[in-house]
Ligand SMILES: Nc1nc2c(c(=O)[nH]1)N[C@H]1C(S)=C(S)[C@@H](COP(=O)(O)OP(=O)(O)OC[C@H]3O[C@@H](n4cnc5c(=O)[nH]c(N)nc54)[C@H](O)[C@@H]3O)O[C@H]1N2
Ligand SMILES: Nc1nc2c(c(=O)[nH]1)N[C@H]1C(S)=C(S)[C@@H](COP(=O)(O)OP(=O)(O)OC[C@H]3O[C@@H](n4cnc5c(=O)[nH]c(N)nc54)[C@H](O)[C@@H]3O)O[C@H]1N2
Ligand code: SF4
Ligand code: SF4
Ligand code: SF4
Ligand code: SF4
Ligand code: SF4
Ligand SMILES: [Mo]
């Protein structure tokens, strides 16, 4: 989230698109309704009429996988009707930047494409610059090669008629959404976008998000109270997990993980640190060396020295894509001996799950550390297989749940809140920290006796006390970081052993330790700030700076320097996020995105401190599939692309098993219900929740049901190229067919919470989904695939 | 001969109808046992939509007015002092006592916590706002009164002189007490349903329901006396009392008339909401009124019918039918909401209710067999024998005629 | 009937169905706090995702789903069923042993150690709230406790604590004021009615909705406190009791006196007496 949960109440318009907050983020609805009580309008854009839609002022149905068309239509509407926040766009975005003449776009393909490799040579996706390398700009936005004009041209085809033909949305619904949302252009009014998996789980998921961000930048809605683009994060602490490098391509604090060719620190820095030419750009990533060296010091302590590049050599170097999809592919090829499933249940949650089940059988061993016996941990008992034929040795480690241990948890709004242990774990269950600690100790002992490259393990600095399990307070102190020797910064002396007050004080000379620079400032000499529960709210915007601690440096709204005009005066004087106090020469309100004076002061800085140009990117050259979003069809689609010749995302290689529209004519989409959690181990084993949603079901329209002779509650079989499952038919007017390119297309919706193990069993929707992912993140395309449905099933 | 042997032998000598009744009662006993082992849910078709079913509608709500013969005939014979009706009193009391006892049995089966039934008596639990409290107190008190009255033939049978004398002196106070208590609980059974203002259909719901329950109990009580006397005459060889009954048939239409007036007024002025919106309920109402009320009323107005032994019986039966239907209409059919699933008692429930009815007949017959219920009309005892009671000798005991059921 | 007439400080639920997302957190929180058994369900038992089929001994509160189309618009509406904690509760008024009590704090509580299990409360409650333990040999009644034990400790009920959006809990008078404020502030959002303000004589559960109440499955109820309906009859009981007793005593006395007088007359008349006695004798013979 750029903003945070409480802040949603300040929006004038709330667009829930690709998310279903009423069902999946129920608490967020408290703030949505607070906003609505003040007169805000809620818009729900979803293929299905959900519990969120039921509360919305405007509901617009769209076909799964057509968000770019829909938002592209809104961008076009805003540009054509000049419903943009012009000052904001000119000053705070790269709209005025001129683009290199080599850049081109035609029929869904940008310049530099290679059809063999399904990838782009992005060298032409760049700003036109002067000989010194400074980008050229046209603040009048008139130059046909400026981002603004290119963008306008790019989206000109996204007319209401065209996009509704693609999305299946009723044109008056689309117009209502566009009018209502774009009415927040300019200062004084705010719109927020709440998005989640309906947005991201597509082969162009990142571009979906991009389209939201572009719209918000055009309307001037980023950085302000009640604005932003807000990812409703999923698992309770998934924000924390990502901050701590859950993903394969990053290190803690979103530092890039080194690649194969990055031989030493200098190489790595040369490749990863972006260069800014404009002195007004902060280009925060230029601090990378401080953060990386402090991280290496945290990991290898005294064994990380300037002489050995602080142990850089110990870091694994990535030589490819290790995303979930690729791991599963390799698993199926027999590429692994062993697998650790710590708090994950991939045989239910992963796409094309029958294949995952087969892959698991090729393992020599598997460890599952979980609260429950998951479907994955008993994969050898799944229906249709003979357990005797599976040789995998499976270990189930009972894990302690969140209330049975203490530690921090970071919510979507980046607030890291400390939780205390409420009860002891039952039976032999142990915390994950204990499990990891034991693993480390045993591995270290083994490596001490020899092995290939033992140093990264035996040299680890592991100072978390001598208790039964690592002392979490010590872990938190190390994550924040402390000084290893006395250091003087801006005239202030910090003693060795003192906690580092904030990441600005981290050093690249090995004098500081910090396990995650983003969290530097969370445990200072003032104590563990994540434990704070202060309710003071001087801003009046419910920011509660004394409640827990928020990264970065307790800033509650990211890019808040964009909430003021270049002179430091708030765009909206009624909802002041920050304001420049001329007399005191300092900012007031939220913690600003850096202390520098407003942009138009001599040593002022641009607001978007994380980009090299310091400005919001309407043209983003870094992505794998193009600087502007383009409407492509999902990998499996019942229609040809009505927008351009390129059918699917050109940067995604089609998978082997694809459903064809003749055999599988219906659009399938998967989603969550309030009553179940994810792959289901946590809820399908709780009778109170099983009572509410006891078995697998599929939602379908009344028309499709009567055409197929299916009545509510009947058992039906749903199939795709990957497999077939059974479910009960939930016939409802909340699901409707869509008119696509002049013909009616039916869609069916399936929750994906069911699996073959546990108290409540049911077939998994992921038997049907395709193992193909987003060009940028490889998140699987769970939200749009093709399937067939027939009445009847063997279960009844 | 052991006692058991004796009993068995005795039973073997019974008429096969009696044996059949014993069988029915035994079945009901089994049913009741099942209820106490497996619970009401497993044994009955009751559920949260129908918390009250056959056992309440028949065994309580209907059985109580059906047992009203005791107090009505008591009032008529003792209070209004129509002495010639006194021969009808004792059988009515026995019926009443049996009736009320069996109501208690029915209630015990139906209560979730039968062992706590006594809690109603504890002053700290008293809730005077509860019709159920009132009815419970009344039923307990009245059953006790009936029991004491019933001790009459028992004392006579065993020659307990002192109690007999005492009881005889208490006869009139008891009759008054019986009427007082009965008035209360017969009407309060109607009050039960006043709380169901949003549930009971306006065809039956009105604030005069208690009054209607009371009035209908009176004329039905009298009709029951007619029915009973006729059956006893027919099947137990007792004398034909149709001329006595004719007296009753003259009283009944008066009460029925009042009842109909009240019902009409209630319907016309006190009912709220559409009356004839539900065809099934309308039919039930029409049957109740036409067959169970107007027809017997008309019949009782005919002196030819009033004095005709079999027509008396028919008219009385219609009245009883009307009351049963009325009580079911109020306590069950009229409470069914549109679209609600229909309740029907299951086999076990029905077996228990049939058993309770069978028990009633059985015990009555057995009482008549072993106790002086018909032969010593109280009037005869009172009027002719001075207070010189003695222990009845064995030989004499044997001489007391035993009721023999004629082969049907 | 309750002795109290002022319920303004009673704790009450303001349940705003327009704010309810149908998440059913309340349903689960209630089961957890009260440690109620889960019901065995298959598929859904009603519209939408509704489950279980009804409130029961194991389910004190339930979200009813309405999933249909009206004027071409989808309606997906929710209604939280629970005990209404009536000001003057019918359940309490009919209970023969006083097992239901209206507490000073607001909740209507059930004292299971008193209950005899007659189920009159179930007949009486206009909202169909009390449920029975049908599976047990010696069943008791079960219903929403209003989380009285929590309320006594100054906590909010479990369902109200859990609810992210729809439930406000506080003094009844304030809840009604807040409800009326909302109706005035958003006239287009609400049906202009505060349900529970007067229903059944006033309840401690107050609803606001967008859809008409009957469409949501609200039961039609009278505006009068239900106990007043029975009390108008029951309050006559002592009077009737004494009247009947007195009248019958008088009648009896009169009739017997009449007879005694008659007897005396016949005795003095002598001959006539014999005739009467004879008549009596003959009739007696008939009977034997
Ligand atoms: N109760 C509950 N809450 C949860 C979870 C849970 O399992 N249960 N999971 C948590 C996790 S890990 C996550 S990631 C989040 C996910 O939260 P959400 O993203 O809200 O979850 P989904 O239900 O998968 O998808 C949201 C909606 O996207 C719609 N949709 C499908 N395709 C498209 C599309 O192409 N475009 C648009 N605009 N919408 C589309 C679906 O109909 C669905 O209603 O929820 C978290 N919260
Ligand atoms: N078709 C389809 N598939 C999807 C999605 C979709 O929308 N559609 N959504 C995807 C998304 S967004 C996600 S996030 C994934 C989720 O997929 P998974 O992460 O595999 O699913 P979960 O069920 O959340 O698995 C978490 C496990 O962790 C256990 N657990 C809980 N707490 C602890 C703990 O403290 N320690 C340990 N060791 N274990 C713990 C739980 O019991 C549970 O079994 O699924 C994806 N799959
Ligand atoms: S389940 Fe937990 S994380 Fe999700 S909305 Fe409820 S309280 Fe928040
Ligand atoms: S709703 Fe029913 S159970 Fe609850 S207090 Fe009112 S009458 Fe009693
Ligand atoms: S069932 Fe229990 S609580 Fe209900 S009225 Fe009877 S005794 Fe009272
Ligand atoms: S008040 Fe308590 S008992 Fe009643 S519904 Fe809410 S949680 Fe359940
Ligand atoms: S917890 Fe609140 S929002 Fe959720 S279903 Fe219950 S009343 Fe509705
Ligand atoms: Mo997720």
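Averaged over the residues of B:70-81, the number of partner chain Cβ atoms lying within 10 Å of the residue Cβ comes to 3. Protection proxy ranking of A:642-653, B:186-197, by the mean of other Cβ atoms within 10 Å over each peptide's residues and highest first, is B:186-197, A:642-653.
Full extension of the segment from residue A:129 to residue A:37, taken as 0.36 nm per residue of separation minus the current Cα-Cα distance, would add 28.2 nm. May I ask you to list the residues of segment A:94-135 whose amide nitrogen lies under 20 Å from a point 7 Å from Cα along the Cα→beta-carbon direction of residue A:156? Under 20 Å, as judged by backbone N against the label point of residue A:156, lie A:95-111 of segment A:94-135.
Under 8 Å for C-alpha pairs, at least 6 residues apart: give me the relative contact order for chain B, rounded to a whole percent.
Relative contact order here is 28 percent.
Peptide B:118-130 shows a mean partner chain C-beta count of 6 within 10 Å per residue C-beta. With a cut-off of 20 Å on the backbone N, the residues of segment B:150-174 near the modelled label site 7 Å out from residue B:6 along Cα-Cβ are B:154-160.
Each part gets one Cα centre, and for segment B:1-44 versus segment B:167-212 those centres are 33 Å apart. Look at A:363, B:200 and count the other Cβ atoms within 10 Å of each Cβ; fewest to most, that gives A:363, B:200.
Would you mind classifying segment A:216-332 by shape? Square roots of the alpha carbon gyration tensor eigenvalues, ordered a ≥ b ≥ c; an a/c under 1.5 is rounded, otherwise it is prolate if a/b is larger than b/c and oblate if not. Oblate. Extension gain, residue A:759 to residue A:509: 0.36 nm times the residue separation minus the Cα-Cα distance gives 84.5 nm. Could you tell me the relative contact order of chain C? Use alpha-carbon pairs under 8 Å, at least six residues apart, and round to a whole percent. Averaging sequence separation for qualifying contacts and normalising by length gives 23 percent for chain C. Once both labels are positioned 7 Å from their Cα atoms along Cα-to-Cβ, the gap between residue A:81 and residue B:13 label points is 10.5 nm.
Rg then Dmax, both in Å and based on the Cα atoms of the protein assembly as shown: 43.0, 155.
Over chain A, Cα pairs under 8 Å with separation of 6+ residues give a relative contact order of 16 percent. Mind checking the angle between helix B:3-12 and chain B's longest principal axis? C-alpha axes, 0 to 90 degrees, to the nearest 10. With both axes taken from Cα atoms, the answer is about 70 degrees.
Report note on the peptides A:450-456, C:192-198, B:234-240, B:317-323: ranked by the mean count of other C-beta atoms within 10 Å, highest first, their order is B:317-323, C:192-198, B:234-240, A:450-456. Given R₀ = 25 Å, what would the calculated FRET efficiency be for residue A:342 paired with residue A:392, taking r from the Cβ atoms and rounding to 0.05? Efficiency, from the Cβ-Cβ distance: 0.90. Taking Cα atoms only, the orientation of helix C:172-185 departs from the longest principal axis of chain C by about 50 degrees.
Taking every DSSP helix (H) stretch of at least 4 residues in the protein assembly as shown, weighting each as -39,500 (n - 2.57) and dividing the sum by the residue count yields a mean residue ellipticity at 222 nm of -11500 deg cm²/dmol. Spacing of the modelled spin labels on residue C:222 and residue B:235, each 7 Å from Cα toward Cβ, amounts to 4.2 nm.
Antiparallel versus total DSSP beta bridges in the protein assembly as shown: what percent is that, nearest 5? DSSP beta bridges in the protein assembly as shown are roughly 65 percent antiparallel. Judged by the gyration tensor of its Cα atoms, with axes a ≥ b ≥ c, segment C:1-147 is oblate; a/c meets the 1.5 cut and b/c is at least as large as a/b. Rounded to 0.05, the FRET efficiency of the residue A:581 and residue A:250 pair, given R0 = 45 Å and the Cβ-Cβ distance, is 0.75. If R0 is taken as 60 Å, the Cβ-Cβ distance between residue C:259 and residue B:342 corresponds to a FRET efficiency of 0.60. If you average the C-alpha positions of segment A:452-489 and of segment B:67-136 separately, how far apart do those two centres end up, in angstrom? A separation of 85 Å, based on Cα centres. Extension gain, residue A:278 to residue A:486, is 71.4 nm, computed as 0.36 nm per intervening residue step minus the present C-alpha separation.
With each label modelled as a point 7 angstrom along the Cα→C-beta vector, the residue C:197-residue A:104 pair spans 7.1 nm. Ordering A:39-50, A:393-404 by mean Cβ neighbour count within 10 Å, with the highest value first, yields A:39-50, A:393-404.
Cα axis of helix B:131-158 to longest principal axis of chain B: angle in degrees, 0 to 90, nearest 10? Once rounded, one gets 20 degrees.
Residue order for A:580, A:752, fewest other beta carbons within 10 angstrom first, comes to A:580, A:752.
Look at C:103, C:42 and count the other Cβ atoms within 10 Å of each Cβ; fewest to most, that gives C:42, C:103. Between segment B:334-359 and segment A:87-109, the alpha-carbon centres lie 80 Å apart. Take every DSSP beta bridge whose two residues both sit in chain A; close to 55 percent of them are antiparallel.
Mean partner shielding of peptide C:46-59, defined as the number of other chain Cβ atoms within 10 Å of each residue Cβ, is 3.
When both bridge partners sit in chain C, DSSP labels roughly 85% of those beta bridges antiparallel. Can you classify segment A:1-44 as rounded, prolate or oblate using the Cα gyration tensor, where a ≥ b ≥ c are the square roots of its eigenvalues, rounded means a/c under 1.5, and otherwise it's prolate if a/b beats b/c and oblate if not? Rounded shape, in that the Cα axes give a/c under 1.5.
None of the figures in this text is laboratory data; all of them are computed from the coordinates on show. The structure presented is a predicted model; accordingly, all values stated were derived computationally and were not measured. Note that each Cβ is placed from the backbone with ideal geometry, even for glycine, and that neighbours are counted across all protein chains shown.
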